[in-house]
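One structure is given below, encoded as C-alpha cells.
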Amino acid sequence: MSAKSVQGPGGKKPASAATNLIAGGGAGMMEALACHPLDTIKVRMQLSKRARMPGAPKRGFIKTGTEIVKRETALGLYKGLGAVLTGIVPKMAIRFTSYEFYKQLLADKDGMVTSKSTFLAGLSAGITEAVCVVTPMEVIKIRLQAQHHSMADPLDVPKYRNAAHALYTVVKEEGAGALWRGVSLTALRQGTNQAANFTAYSELRSRLQDYHGTTDLPSWQTSCIGLISGAMGPFSNAPIDTIKTRLQKTPAEPGQSAMTRIKAIAADMWKQEGVRSFYKGITPRVMRVAPGQAVTFTVYEYLKGILEKGRDMLPGGQYEE
C-alpha cells in the first residue's frame, strides 16, 4: 500500500478554505450546468415503476430524455437546477476542505498518508457534505424533477414552482425534518462515492506525477483521471441511490420510521420490478457523474492554480482575510 505526504488533490500544499470555496464552488457550478439534464433523466428512470412483464418495451435513457423534451420542453431537463446551484458552492467547499482536514488528521507522525487513509478521508468528506448540504438539496431537487408539468404551458401549474417555493412548501407541510429524509442513504452514497473518487484520483495522479517528474499535469490528463475516478462510485452504490431517490420523492407516512420505509421500498422494487430496478438510471448516472468529476477536478485545479499564484504575490505569501 503506497504512502505519500499530506497534500491537496493536485499533489501540492493543501488549499486554504478560501481556495476551496472559490475553486470548488466554480468547479461545481460548471459541473452542474453541463451535466444536470442527465441527472434529471436518471431521476425519472429511478422513479419509473414498470413491472416485470415479458415482452414489455424497455425505456432507456435516450427515450426517457426524448419524452421529457417532447412533453415538457427542453427546459424540463433542467428542473431542480436552482436547488443544485444554491447548494453547489457550500457542497464543494465542504467536500474539498473536509477531505484535506480528514487526510491530515489521518496522517502519521511523519506526515505520510496511505491509500487506506485517503479512502477514509474521502469517505468522511462524503458523509460530511451529505449531512450538511447534499441531503436537503436533493430532497428539493428530486421534488422538482419528479413533476411532469410542461414548462411551456402557463396553465399547467405545478405544486412546486421553483426551488425556493419547494423549500417553503416542504417545510410548511412536512416540517424541517423532511429536508433530511434519506440522510442515511445519502451519506452512504456520498461517502462511498468520494472514498472511491478521491482514492482513485490521488493514486492515478500520483503515478502520472512520478512518471512525468512534476506535480503540474496537463488539463487533459486531469480530465481523464477525473473521468475514471468519477465512474467508480455509481457502479458501487447504484441500489442505494435508487432507493434514496424513491424515499425522498414522497412524504413520510405517519408513524413510519425511515428504516421501515427503506425496507418497504426495497422489498416492493424486488417483488414488482426485479433486481434490475435497483440499477435504473445507471447509464445516465455514470454519464453524468464521470464527466462531471472530470469537469470538477479540471476546473478546480485550474482555478486553484490561479488563486495560489495570486496568493504568492501577496506579502508573506498568504491570502489577506
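From the list 103, 42, 49, exactly one residue is touching a residue at least 24 places away in the same chain (Cβ under 8 Å), touching a helix residue (DSSP H, G or I) at 6+ places or on another chain (Cβ under 8 Å), among the basic types (Lys, Arg) and surrounded by fewer than 19 Cβ atoms within 10 Å (Cβ to Cβ). Which is it? Step by step, each of 103, 42, 49 is checked, and only 49 is touching a residue at least 24 places away in the same chain (Cβ under 8 Å), touching a helix residue (DSSP H, G or I) at 6+ places or on another chain (Cβ under 8 Å), among the basic types (Lys, Arg) and surrounded by fewer than 19 Cβ atoms within 10 Å (Cβ to Cβ). The set of residues in region 106-126 that are of a type in the set (A, V, I, L, M), touching a residue at least 24 places away in the same chain (Cβ under 8 Å) and either within 29 Å of residue 47 (Cα to Cα) or open to solvent by 10 Å² or more (accessible area, probe 1.4 Å) (or both) comprises 107, 112, 120, 123, 125.
Just one of the listed residues (32, 51) is modelled with pLDDT under 90, among the hydrophobic types (A, V, I, L, M, F, W, C), out of contact with any Lys or Arg (no Cβ under 9 Å at 6 or more places or on another chain) and farther than 18 Å from residue 280 by Cα, namely 32. Taken across region 127-147, residues that are out of contact with any His (no Cβ under 8 Å at 6 or more places or on another chain), within 19 Å of residue 250 (Cβ to Cβ) and open to solvent by 70 Å² or more (accessible area, probe 1.4 Å) do not occur at all. Looking at 304, 271, 309, which is the one that is farther than 27 Å from residue 145 by Cα, among the basic types (Lys, Arg), in a helix (DSSP H, G or I) and open to solvent by 60 Å² or more (accessible area, probe 1.4 Å)? Sole residue among the options that is farther than 27 Å from residue 145 by Cα, among the basic types (Lys, Arg), in a helix (DSSP H, G or I) and open to solvent by 60 Å² or more (accessible area, probe 1.4 Å): 309. Residues of region 171-216 that are surrounded by fewer than 19 Cβ atoms within 10 Å (Cβ to Cβ) and not in a helix (DSSP H, G or I): 175, 213, 214, 215, 216. Of all residues in region 241-262, those that are without any contact (Cβ under 8 Å) to a residue 60 or more places away in the chain and open to solvent by less than 50 Å² (accessible area, probe 1.4 Å) have Cβ atoms under 8 Å from Cβ atoms of residues that are aromatic (Phe, Trp, Tyr) and part of a helix (DSSP H, G or I), 6 or more apart or on another chain, in 243/278. Is region 275-294 home to any residue that is in contact with a Phe, Trp or Tyr (Cβ under 6 Å, 6 or more places away or on another chain), surrounded by fewer than 20 Cβ atoms within 10 Å (Cβ to Cβ) and either within 30 Å of residue 62 (Cβ to Cβ) or in contact (Cβ under 8 Å) with a residue 40 or more places away in the chain (or both)? Checked against the condition, which is being in contact with a Phe, Trp or Tyr (Cβ under 6 Å, 6 or more places away or on another chain), surrounded by fewer than 20 Cβ atoms within 10 Å (Cβ to Cβ) and either within 30 Å of residue 62 (Cβ to Cβ) or in contact (Cβ under 8 Å) with a residue 40 or more places away in the chain (or both), region 275-294 yields at least one hit.
Considering only residues in region 207-241 that are in contact with a Lys or Arg (Cβ under 9 Å, 6 or more places away or on another chain) and of a type in the set (A, V, I, L, M, F, W, C), the one that is nearest to residue 183 (Cα to Cα) turns out to be 240.
Of everything listed in (1) outside any helix (DSSP H, G or I); (2) within 14 Å of the chain's Cα centre (by Cα), the single unmet condition for residue 156 is (2).
Taken over region 186-205, residues that are of a type in the set (Ser, Thr, Tyr) and over 13 Å from the mean Cα position of the chain (by Cα) amount to 3.
Within region 104-134, the residues that satisfy the criterion of being more than 20 Å from the chain's Cα centre (by Cα) and assigned to a helix (DSSP H, G or I) are 104, 105, 106, 115, 116, 117.
Sort out which residues of region 217-231 are within 21 Å of the chain's Cα centre (by Cα) and open to solvent by 40 Å² or more (accessible area, probe 1.4 Å), and write them in order of number. So that I can check it myself, show each step before the final result.
Taking region 217-231 and keeping what is within 21 Å of the chain's Cα centre (by Cα), we get 222-231.
Hits for region 217-231 are 224, 227, 228.
The values are calculated or read from the model by the stated rules, or taken from the named source; none is laboratory data. Note that this is a predicted model, so its numbers are computed, not measured. With ideal geometry, Cβ positions are generated from the backbone for all residues, glycine too; neighbour counts draw on all protein chains shown. Calculation scope for accessible area: heavy atoms of the full protein, side chains included, ligands and nucleic acids excluded. Shrake-Rupley method; radii C 1.70, N 1.55, O 1.52, S 1.80 Å.
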